[in-house]
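Inspection log for the structure reproduced underneath, given as structure tokens.
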Ligand SMILES: [Zn+2]
Ligand SMILES: [Zn+2]
């Protein structure tokens, strides 16, 4: 239940580890173009998932899945995940499940407005 376990280093360079790969990456070197604040981790995580089929250790994606059609997407933040679900529900009147990384699932329907 603890999402925010900040390491006590205090350095700005985000480090990502993956126990499945048994590797660790210093994102300051891997992604130099991305400003600090989590975007580097998101970019890396999406990239890692694309290559290996799984996410690094500290990354828990939001999974958005439509109940009525094969449409679905994965996001690394709640905002875009909810937006995708609400947009899809509104346009198609489908019911969309938003699976939160913490386990609190959200159901988005078209009657929201
Ligand atoms: Zn991995
Ligand atoms: Zn749908």
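Sorted largest first, the principal axis extents computed over the alpha-carbon atoms of segment 62-112 equal 26, 21, 16 Å.
Quick check on packing: order 46-56, 72-82 by the mean number of other C-beta atoms within 10 Å, highest mean leading.
72-82, 46-56
A simple spin-label model places pseudo-atoms 7 Å from Cα toward Cβ; at residue 17 and residue 105 they are separated by 3.2 nm.
Here, each number is a calculation from the coordinates, and none is a lab measurement. Everything numeric here is computed off the predicted structure, so don't read it as measured data. FYI the Cβ positions are ideal-geometry reconstructions off the backbone, even for glycines, and counts take in every protein chain you see.
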